[in-house]
Amino acid sequence: MSNQFKNLNRRDFLKKTAAAGALGALGANGLITQAMAAGDTVHFMAWSAAVDLVKSHVAEFQKVTGINVNYSNAPWAQYRDNLITKFVGNAPIDMMWVSDAWLPEWAEAGWIKPVDKFDNLMKYNAEAEKFCNDSMTYKGSQYGLTYYTDFMAFLYDDEALKKAGISNPPKSWDEVTEQCLKIKNAGIAEYPLMLALAQESWLIEFLAAMTYSHGGNFTDDKGNSIMQDPKEGAVRALQWVVDAVHKHKIVSPASVEIGELTGLKAFASGNHAFALEPKYRMRTLNDPKQSKIAGRVKQALMPMGMDGSHATVGWMRFHGMSASAAADKTRAENTARLIEWFGGKANGEYKFQKYLFTDIGAGFGVKPLFNDADVQNAYNSYADVNIIKEQQALARKKDVVTPWFGEWNEVHGSSWQAAILQKATPAEAMAKAGKKWDELKKEMG
Amino acid sequence: MRSSPKRDIKFRLARRFDYESRSAALFILPVMSVLAIVAVFPILYSFYTSFFNLKLTRPHRVPFVWFDNYIKVLSDELFWASVSRTVSFTVMSVAAILVLSLSIAILLNESFRGRRLLSAIILIPWAIPTVANGLLWKWIYDSGFGALNGLLFQLGIIDSYITWLGDSDKTIPLISNSFVWKEVPLAAILILVTMKSIPEDLYRAAKVDGANVFKRFIHITIPSLKPGFMLVMIYETMMAIRHFDLFFLLTEGGPAEASHVVSWQIYVETFRNLSFGTGSAMSYILALVTFALAYFIIRTLGSKL
Amino acid sequence: MKPTTFDARSEIYRNKSQTTARLRNLSIFVFSILLLAYVLGPIAWLLSSSFQTEAEIVSVPPHWIPDEPTLKNFEAIFFSEFEEVTYDTRKKADPVSGGYIPSTAKDLLPSMWNSFLVSIAVVMLNLFVGVPAAYAMAKIRFWGRDGTIYTILTTRVIPDIALVVPFFLVIKNLGLLDHIASLIVTYLAVTVPFTVFILVSFFESLPDELDKAARVDGCSRLQTLNKVFLPLSLPSLVAVMLFAFLTSWNEFLLALMFTQTIASQTLPIIVAGFTSDFTISFSFINAAGVIAVIPPVVLAVMFERYIVSGLTAGAVKG
């Protein structure tokens, strides 16, 4: 091989490398750090939901108060990990969104602090749903104001039911089975009931809704596990799901891999007649632009199990204050003002909660908004406010929210899945979850 | 007979500071400083935490517990179940990667029309960001809408839709498939580069000796590819053992622990359970095994390393 | 002058009987088709779905060719104008367009630029730091050589999950949070061990005589590396460059922790942000995936002929 040839290619190669290097040098401009924001900036961390609404609300806050806000967000799926890293690494965070399920953990870890002493925040409690106030309270202290709240609803496709000759939605889980079989046999849907039971943060909400409506509890008043007790609903609820999948074949065996969002899309494309979904999904499901069954989706009260009730599970997310913000008087005050701006009133109205509802349908935690004309119009266009109110009154806080919730939740979720995959009986599965609970309670309680 | 310690040291010192060693030190300095600044602290930090009962929900009680975390992890049934899943994931992934990348390298080593186009195309999977890749596969595998079911159905291979990731027997192989798909391009390139460096003389000489194509392949190509195989095996074994992203994006360890591999368990232990102590201990056990495997591969396949 | 590749094997084949040649061509053809199907199957779906609406993407069975192809995903990425977000201009989460376009769509291109800068910088630094080290380890016998190799390897055996928090502490103490330099530094540390490893293995396969001859001719170590080894190592250098570039291009976990704003956020972070807890658009994410593939593939096409054409074949004769 000739030398010339070799060198040419090498030069050629170097030229290209150099060109790429020049590009890199151009980018060095980007390396110059932006001046760090001034000390009175409030650092606000949220997950990437309603991003534009948050931005516009932050912009207005800055205009009105002159306080600078540094807003950033991370995807919901990685939000918790991201915040934990930042808490441990002591990164500047003043206000952040918190899920009710994380409250005890984060409070015990010393990452978030109560906001009891801020009268401008506490004054909103009178108008807020009791469920929300309870869910933000840990060991007697309140940790923030509501961002949004919702509950698990039982939804059905009215037309599918009519086609199968069913006039009224089911009142009990037995009736669900009957109606599903009718719909299945009529060839309307292969799997009439949609349950999204994949491992993800939604799973506990579905399982809790099933358990509560079967008249069950996970724990008793003292916080001891009763989930393994066959009379306490969890085992029955699980048995019902297992039968629905294997005996009646009315729920897809793939439900263990279906997440909430995929399940929503499946229901919206008309593959199912019934679904457990967060209530706010009714807006999407009845929007013809996003759903093939728009206008047909109605809500029924959660079916009852044996000895059960129409109870369901509720959840909420709130605006919290970090420990580092609470430690500094000015920072704490600025942060409290921002919390009020989002969770309380802004310029005299519950603006954020209202817009969040009208934009995406997410439920609000303040009662007066039910009387707002825009809110009523929006609700009436796709849902029945009376049923919503009735069901919301039956929504219960998860009785497993403790400092060891996360750890138990992993075992509990996979126990249900194991039973659905027939790798364990419902009794065995719940016994495992109960045993884990007892261990953790003993270790950390 | 040993030389006197004094002389020995003097001799070694002299050797250490001769020109060769000086230039070697100079050449190695940059890489070592980068690693010292960025990588050493994290490694020591997580090693250090592995000896404490560090549960973040108990910030004021963090006792030093010697090897308790290690004992706890090693006596945990779930850990051993995870280990066996990690082993099967790693074995099937690395085997598939080796076979595929070798075949691709052989193909691209031939000259034919369209070779350059083909070699550009095979790089595409590698270039899709992990997150987009995970969501792409999630949708492909989806039992209700997925492209995989759709394709098999349209081709008449199946007559009703199949449960994919939700079937605990299929979960690991399917995740492995997505992993392999993304990893093969790099492996193929590494093998191809090695293949290109085999001197043509060897083939000519063998041909003169009357060796046919297959003999030449067995006796020249395969042995000469040892360094390439070693690179691929070490790199891909390390990647597969520690792989986390697809488990996170596709199944979160489910259904029912079917994809609960060690890396997933480390994540759960650290970020979900907030037990940094046991999480670090688990990481160190995994690291030790990974290192041992890498060492073994180097000793077996490496020429002079 | 257009370099023509001299492939000795083509000479061999010319002497073969025609049937063998045909058999060879046929098997190349068949295998190429199989390979294309394997690689391009998912890509075809990625591409096709990026032109579909969110309503069409849930069709059963899937539409391989969109019924109503739409460009709205790409329009949102390329033509979103920056405007101040106020109550009036805010994007509501489910707009009337019938599909969900995240309001952060406009961040995709800036984040891609960040990714590109980071990746290029990591590539350059990898070569700068990795090449001399690899040469020293492959060709210089020095005290502690084996130890060095295993030390470097050790930095990559610990799962990244366990390193996230301490890495974060390092970056914070270096004052690099929300800054692309944080990614350049960490990605360099993450990639350089394998870079060294790949290059060591390649340099070792080059005959020692080359090294000795250069040294006898009076070349310093640096000159030997520059004049003798580098020209012979183009394929492996390109492999290393691709490796460093794509690892940086893909990395997610660390970027998630270190970056906060679009000043430093990279492509994977913005793409992940397209999934919110309220809604998700798979078609949009796939459009983002399509765009994300373009820069690395263009670079690969530019450089890979140094691998595929096999410059060094036959050159290593000492």
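What follows is calculated from the coordinates using simple rules that are stated; it is not laboratory data. This structure is a prediction, so every number in the text was calculated from the model and none was measured. Every residue, glycine as well, gets a Cβ built from its backbone with ideal geometry; the counts of neighbours run over all protein chains shown.
Find out how many positive minus negative residues lie around B:P255, taking Lys and Arg as positive, Asp and Glu as negative, among other residues whose Cβ is under 11 Å from that of B:P255.
Numbers: positive: A:K423, B:K170; negative: A:E257, B:D167, B:D169, B:E252, B:E257.
Counting the neighbours of B:P255, the net charge comes to -3.
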Quiz item: How big is chain A on each of its three principal axes, counting only the C-alpha atoms and giving the largest first in Å?
Solution: 77, 77, 51
Quiz item: B:F52's amide H: which non-local residues (gap 5+, or another chain) put their own amide H closer than 5 Å, with H modeled 1.01 Å from N in plane and none for Pro or chain starts?
Solution: B:V65
Quiz item: What shape does region A:160-268 take by its C-alpha gyration tensor, where a ≥ b ≥ c are the square roots of the eigenvalues and a/c under 1.5 counts as rounded, a/b above b/c as prolate, and the rest as oblate?
Solution: prolate
Quiz item: When you take every Cα atom in region C:103-308, what is the radius of gyration, and what is Dmax, the widest Cα pair distance, in Å?
Solution: 19.7, 70
Quiz item: How far, in nm, would the chain grow between C:K212 and C:S59 when pulled straight, counting 0.36 nm per residue and subtracting the alpha carbon separation?
Solution: 48.4 nm
Exercise. Quick one: angle between helix A:51-65 and the longest Cα principal axis of chain A, in degrees between 0 and 90, rounded to 10, please.
Key: 60 degrees
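Mind sorting A:K298, A:K389, A:K292 by how few other Cβ atoms lie within 10 Å of their own Cβ, fewest first? Show your work: numbers first, answer last.
Values: A:K298 19, A:K389 11, A:K292 15.
The most exposed by this proxy come first: A:K389, A:K292, A:K298.
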Quiz item: Where does helix A:234-246 land angle-wise versus the long Cα axis of chain A, in degrees 0 to 90, nearest 10?
Solution: 90 degrees
Quiz item: What net charge do the residues around A:K117 carry, taking every other residue with its C-beta under 15 Å from that of A:K117, with Lys and Arg at +1 and Asp and Glu at -1?
Solution: 0
Practice problem: Mind checking the full-extension length gain between B:D169 and B:S88? Use 0.36 nm per residue of separation minus the Cα-Cα distance, one decimal, nm. | Solution: 28.0 nm
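Give the peptides C:103-111, B:19-27 in descending order of average Cβ contacts within 10 Å, highest first.
Values: C:103-111: 20.8, B:19-27: 17.9.
Top to bottom by mean Cβ count within 10 Å: C:103-111, B:19-27.
Let a ≥ b ≥ c be the square roots of the eigenvalues of the Cα gyration tensor of region A:50-190; is it rounded (a/c under 1.5), or, if not, prolate (a/b larger than b/c) or oblate? Show your work: numbers first, answer last.
Values: a/c = 2.40, a/b = 2.26, b/c = 1.06.
Note, shape of region A:50-190 comes out prolate.
In debye, nearest 20: dipole of chain C around its Cα centre with unit charges on the Cβ of K, R (+) and D, E (-)? Numbers along the way, then the final one.
Numbers: 22 positive and 24 negative charges, 337 e Å.
Computed charge dipole of chain C: roughly 1620 debye.
In debye, nearest 20, what is the charge dipole magnitude of chain B about its Cα centre with +1 on Lys and Arg Cβ and -1 on Asp and Glu Cβ, if you could check? Spell out each step's value before the answer.
Numbers: 29 positive and 20 negative charges, 332 e Å.
Computed charge dipole of chain B: roughly 1600 debye.
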Practice problem: Of the options C:V200, C:G218, C:L253, report the single residue whose Cα projects farthest towards the positive end of the charge dipole of region C:192-254 (beta-carbon charges: Lys, Arg +1; Asp, Glu -1). | Solution: C:G218
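Report relative contact order for region A:243-402 in percent, whole number only (criteria: Cα-Cα under 8 Å, sequence separation at least 6). Can you show the working numbers first?
On the way: 137 pairs, mean separation 36.3, N = 160.
In percent, rounded to a whole number, it is 23.
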Quiz item: Pairs A:K182/A:K249; A:K249/B:K170; A:K113/A:K435: which are spaced more than 23 Å apart, C-alpha to C-alpha?
Solution: A:K113/A:K435
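Using the Cβ atoms and a cut-off under 11 Å, what net charge is assigned to the surroundings of B:L98, where Lys and Arg are +1 and Asp and Glu are -1? Numbers along the way, then the final one.
Working: positive: none; negative: B:E183, B:E236.
Computed value for this residue: -2.
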Quiz item: Mean residue ellipticity at 222 nm from the helices of chain B, using -39,500 (n - 2.57) per DSSP H segment of n ≥ 4 over the full residue count, to the nearest 500 deg cm²/dmol?
Solution: -20500 deg cm²/dmol
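Averaged across C:138-149, how many Cβ atoms of other chains sit within 10 Å of each residue's Cβ atom?
That works out to 5 on average.
Considering Cα pairs under 8 angstrom that are at least six residues apart, work out the relative contact order of chain A and quote it in whole percent.
Working: 754 pairs, mean separation 101.7, N = 445.
The normalised contact order for chain A reaches 23 percent.
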Quiz item: In chain B, which helices (entire DSSP H runs) extend 20 Å or more along their own long axis, judged by Cα positions, while averaging at least 0.5 on the Kyte-Doolittle scale?
Solution: B:19-34, B:77-109, B:171-196, B:226-242, B:276-301
Exercise. Among A:Y138, A:V58, A:L195, flag the residue with its Cα farthest along the positive direction of the charge dipole of chain A, charges on Cβ as +1 for Lys/Arg and -1 for Asp/Glu.
Key: A:V58
Quiz prompt | Rg(Cα) / (2.2 N^0.38 Å) computed for the protein assembly as shown, rounded to two decimals | solution = 0.98
Self-check item: region B:69-301 pair-distance distribution - Cα-Cα, 5 Å bins, rounded %
Solution: 1, 6, 12, 14, 15, 15, 12, 9, 7, 5, 3, 1, 0, 0
Quiz item: Taking the alpha-carbon centroid of each part, what is the distance from region A:142-194 to region B:99-138 in angstrom?
Solution: 46 Å
Quiz prompt | Between region C:114-147 and region A:206-239, the alpha-carbon center distance in angstrom | solution = 59 Å
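For a Förster distance of 30 Å, can you work out the FRET efficiency between the beta-carbons of A:N371 and A:E175, rounded to the nearest 0.05? Walk me through the numbers on the way to the answer.
Working: r = 35 Å, r/R0 = 1.16.
Calculated value: 0.30.
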Exercise. Work out the charge dipole of the protein assembly as shown with +1 on the Cβ of Lys and Arg and -1 on the Cβ of Asp and Glu about the Cα centre, then indicate which of A:N125, B:L26, A:L276 is farthest towards its positive end.
Key: B:L26
Quiz item: Hey, can you rank A:271-278, C:266-273, C:123-130 by average C-beta count inside 10 Å, highest first?
Solution: C:266-273, A:271-278, C:123-130
Quiz prompt | Reachable lysines, given that their alpha-carbon falls under 21 Å from the alpha-carbon of C:K139 and they are not under 8 places away in the same chain | solution = B:K196, B:K226, B:K304, C:K212, C:K227, C:K317
Quiz item: Ranking B:F244, B:F145 by Cβ neighbours within 10 Å, fewest first, what do you get?
Solution: B:F244, B:F145
Self-check item: Shielding of B:207-216 by partner chains, average beta-carbon count, 10 Å
Solution: 1
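Can you put A:M122, B:M195 in order, fewest other beta carbons within 10 Å first? If you can, show how the numbers build up before the last one.
Numbers: A:M122 15, B:M195 21.
Arranged by neighbour count, lowest to highest, A:M122, B:M195 become A:M122, B:M195.
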Practice problem: Hydropathy first: keep DSSP H helices in chain C averaging at least 0.0 on Kyte-Doolittle, then drop any whose Cα extent along the axis falls short of 15 Å, and list what survives. | Solution: C:18-50, C:108-139, C:160-173, C:180-205, C:234-250, C:282-303
